[in-house]
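Accompanying notes for the structure given below.
The values are calculated or read from the model by the stated rules, or taken from the named source; none is laboratory data. Everything quoted here is computed from the prediction, not taken from an experiment. Here Cβ is always computed from backbone atoms with ideal geometry, including for glycine, and neighbour counts include all displayed protein chains.
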Amino acid sequence: MITNNENLMKTQFCSKCLYGSDHPLGIVFDNNGTCSGCLIHEEKNNLDWNYRWDLLKKLTIRYKSKRGDNYDCLIPVTGSQDSYYIVHIVKNKLGMNPLLVNYNKYFNTSVGIYNLANLRIKFNCDILIQNVNPFSVKKIINTTLRKYGSIYWPILAGHTVFPVQVAVKHKIPLIIWGAHQGLEQVGMFSHLHNVEMSRRYRKDHDLMGVEAEDLLSNFDTLNEGDLWQYRYPEDNDINSIGVKGIYLGNFLRWDPKAQHEEMITRFGYKTRNLNRTFDTYDYVDCFNYMDLHDLLKLYKNGYSKVTDHASREIRFGRITRDQGISLVKKYELKSIKFSELFCKWLGVSRNSLNFVMDQHRNSKYWHNENFENWVFKGWSTFSKKKYSKKENLTKSFIENSKLLKNERESYITFGKGYP
Amino acid sequence: MITKRLIATVIIKNQQVVQSFGYRKYLPIGKPEIVVENLDRWGVDEIIILNIDSSINNRGPNYKLIESLKKINIKTPLIYGGGIKSLKDGIEIVKSGFERIVLDSLLHQDVEEIEKMSKILGQQAIIGCLPLSINKNKIMWLDYKSLSSLQVSMKEISNKFKNIISEFILIDWKNEGSIGNFDMKLTYAFKNIKNSQFILFGGLNNPTKLNKLFKMENISAIAIGNSLNYREHEYQSIKNKISFSHMRPKYYNDNKQ
């Protein structure tokens, strides 16, 4: 068991990865100080993945449209994350006919627009895109930023509810996701539990305990017209269609780095360098996820996405724990690059934004020494190890979007994509 | 008339809901308020909340948890267990909105205090918790604080607490958290006991076993834990496979109606 003897007195850290007991998803430790995430990760090396692949085939074959007049399943996609791999498995390996569904996040980069267009073209899939009006989205973000320190609530809500709404409306019961975040990060479930999508998990862990109806208040400007698109379908409707959301990560040995590299080679997935992490594959489609949103995560939780990436790489044995700490220290306090773009879009000043963001700095991890001078006392400070330039670990991730180096720095709501 | 219940169990450790496996291993689930709210929306018959790190750390009931649950508007009857040491604890918990309480370590320590609780709160409000296992055909009762097991006779326990406790929750603690591995041999311990009612818990989500157990006259309820977190509407799905007719029917919320 490793503990920090200063501000993090009560925080227990995993003896293997970099996660602490304050993890917002919840985490538990065994008697050896190993976290539940690392323990469940070991299953990836021990399970019979051939057997589990057969389970997946048996499960999905029941959903194939017998008359060929409807889609076999839905796949929620974006211009990044694991979308390419999921579509490849479903279409090319399982032989299913999916309908892709995408919630348009507004903060799209040109790489993201390219990847999404390329995805539907290369895999020859139909796609349904939802674009909630920008007036409502901005109103929601104003509220969620102020109340919860989140600019991403409508994106998380939309991405997780739009597929379920489409499933009910179009009577396509099966939704196929990639990896279960709770399982992959903190070992919330064993792979053997075959955990499925649930409204409870969405509310608790995707939406910080806040569903659309919880945002309605007499003391706010949001109304039903702004929020109805984010409401979860009723239990009765979900049951009548038999909607079911499964995770490929329960049936395939899930390794995002290896999968992305296969998709780069085979299908032309584009990547980009991100300022606040060494991983060039994840979240390349968004100006704000690895920027402003990531900084807010650091403010509230004392760690940021680079810790998630480093912990993942430690568990796969590609870097050591010390190397992980070194990478975290290199990236987590880097400044953000696109806040002006966000302020212009939302219609707020930089000072206003900073003021609101500062309200959400967790005093456990941030000390205000004098006006505007904040000292970080987050998770990474438990280790005295400094970043070492000698350990150039970041070269193992590919960056291949030189084609788009001249992109304008502005959000693309809709893009043509590339032929 | 409703004679049997299917109860949802929520295990709390370090202020979070966890999955529990054999009283030794745990995996995180999430916030108690959201888990309980979800079960309420599913229309479960009752919810038992077991705070498992109270007694073992010599703490009283988890009042922080109890206060947080008071704030959510739910209709499902709630039952609380964990750290209850005195009549005063029992009264506070019932005043907070819980209908019944579960006692475990107090059964080993202080029967007189349980008698007081039964007198003031009513026998119906008291449930006794018995983690059991079988060792060489003997029934063993686990004291989870000392982690030692004592051979017992269910008939003696039933007689001892006859007018004090309304139901016993028998936990197959070794198979707790497993999928469908409840040890049916445990039923021999109580099948001939007519003056007590039993709730069973521990590795019980196999419909065949559930249907068999519900036929036993002195089984009033079965409790399900971990597996309710694995799929949407898992509770309703389990109820769907139970052929016993004297239960509340499964329910799917529809605010449009």
- Message: With the requirement that a residue be over 20 Å from the mean Cα position of the chain (by Cα) and more than 14 Å from chain B (Cβ to nearest Cβ), what does segment A:218-250 give you?
- Response: A:218, A:219, A:220, A:221, A:222, A:223, A:225, A:226, A:227, A:229
- Task: Quick one: residue B:209 ticks every box in (1) free of Cβ contacts under 8 Å to residues at least 40 places away in the same chain; (2) assigned to a loop (DSSP other than H, G, I, E, B); (3) within 19 Å of the chain's Cα centre (by Cα) except a single one, so which number is it?
- Result: (2)
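Would it be correct to say that residue B:37 is surrounded by fewer than 22 Cβ atoms within 10 Å (Cβ to Cβ) and either away from every other protein chain (no Cβ under 14 Å) or over 19 Å from the mean Cα position of the chain (by Cα) (or both)? It would help to see each step written out before you state the result.
On the way: surrounded by fewer than 22 Cβ atoms within 10 Å (Cβ to Cβ): yes; either away from every other protein chain (no Cβ under 14 Å) or over 19 Å from the mean Cα position of the chain (by Cα) (or both): no.
The answer is no for residue B:37.
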- Task: For segment B:224-239, indicate whether the set of residues that are within 12 Å of another protein chain (Cβ to nearest Cβ), free of Cβ contacts under 8 Å to residues at least 40 places away in the same chain and part of a helix (DSSP H, G or I) is non-empty.
- Result: yes
- Task: Could you list all residues from segment A:206-217 that are of a type outside the set (A, V, I, L, M) and either within 10 Å of chain B (Cβ to nearest Cβ) or over 28 Å from residue A:252 (Cα atoms) (or both)?
- Result: A:209, A:211, A:213, A:214, A:217
- Find the residue count for segment A:251-301, including only residues that are under 30 Å from residue A:375 (Cβ atoms), under 13 Å from the mean Cα position of the chain (by Cα) and of a type in the set (Phe, Trp, Tyr). 2
- Query: Quick check: anything in segment A:73-85 in contact with a Lys or Arg (Cβ under 6 Å, 6 or more places away or on another chain) and of a type outside the set (A, V, I, L, M)?
  - Reply: no
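If you check B:147, B:103, B:132, which single one turns out to be crowded, with 21+ Cβ neighbours inside 10 Å and more than 23 Å from residue B:45 (Cα to Cα)?
Working: B:147 fails: crowded, with 21+ Cβ neighbours inside 10 Å; B:103 fails: more than 23 Å from residue B:45 (Cα to Cα).
Result of the check over B:147, B:103, B:132: B:132.
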- Message: Considering only segment A:386-397, I want to know if a residue exists there that is crowded, with 16+ Cβ neighbours inside 10 Å, aliphatic (A, V, I, L, M) and at pLDDT 90 or above.
- Response: no
- Residues located in segment A:185-205, provided they are crowded, with 22+ Cβ neighbours inside 10 Å and more than 8 Å from chain B (Cβ to nearest Cβ): A:185, A:191
- Note on the structure: All conditions in (1) more than 14 Å from chain A (Cβ to nearest Cβ); (2) closer than 19 Å to residue B:49 by Cα; (3) surrounded by 23 or more Cβ atoms within 10 Å (Cβ to Cβ) are true of residue B:166 except (3)
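Go over the candidates A:264, A:319 one by one and state the one that is surrounded by fewer than 24 Cβ atoms within 10 Å (Cβ to Cβ) and within 26 Å of residue A:39 (Cα to Cα).
Numbers: A:264 fails: within 26 Å of residue A:39 (Cα to Cα).
After ruling out the rest, the residue left standing is A:319.
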- Message: Name the single residue that is farthest from residue A:14 (Cα to Cα) among those in segment A:164-183 being within 13 Å of another protein chain (Cβ to nearest Cβ) and assigned to a helix (DSSP H, G or I).
- Response: A:168
- Message: Among the residues of segment A:40-60, are any closer than 27 Å to residue B:35 by Cβ and buried (at least 19 other Cβ atoms within 10 Å of the Cβ)?
- Response: yes
- Note on the structure: Within segment B:9-34, residues on the phi > 0 side of the Ramachandran plot and within 11 Å of another protein chain (Cβ to nearest Cβ) come out as B:14, B:15, B:30
- Task: State all residues of segment A:13-33 that are within 12 Å of chain B (Cβ to nearest Cβ) and buried (at least 19 other Cβ atoms within 10 Å of the Cβ); if no residue qualifies, say none.
- Result: A:19, A:22, A:23, A:25, A:26, A:27, A:28, A:29
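Out of segment B:50-97, which residues are among the hydroxyl-bearing types (Ser, Thr, Tyr) and touching a Phe, Trp or Tyr at 6+ places or on another chain (Cβ under 7 Å)?
Matches in segment B:50-97: B:80 only.
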- Message: So, in segment A:112-132, how many residues would count as being surrounded by fewer than 21 Cβ atoms within 10 Å (Cβ to Cβ), assigned to a helix (DSSP H, G or I) and touching a residue at least 24 places away in the same chain (Cβ under 8 Å)?
- Response: 4
- Query: Got a sec? Which of A:315, A:272 is of a type in the set (Lys, Arg), in contact with a helix residue (DSSP H, G or I) (Cβ under 7 Å, 6 or more places away or on another chain) and modelled with pLDDT of 95 or more?
  - Reply: A:315
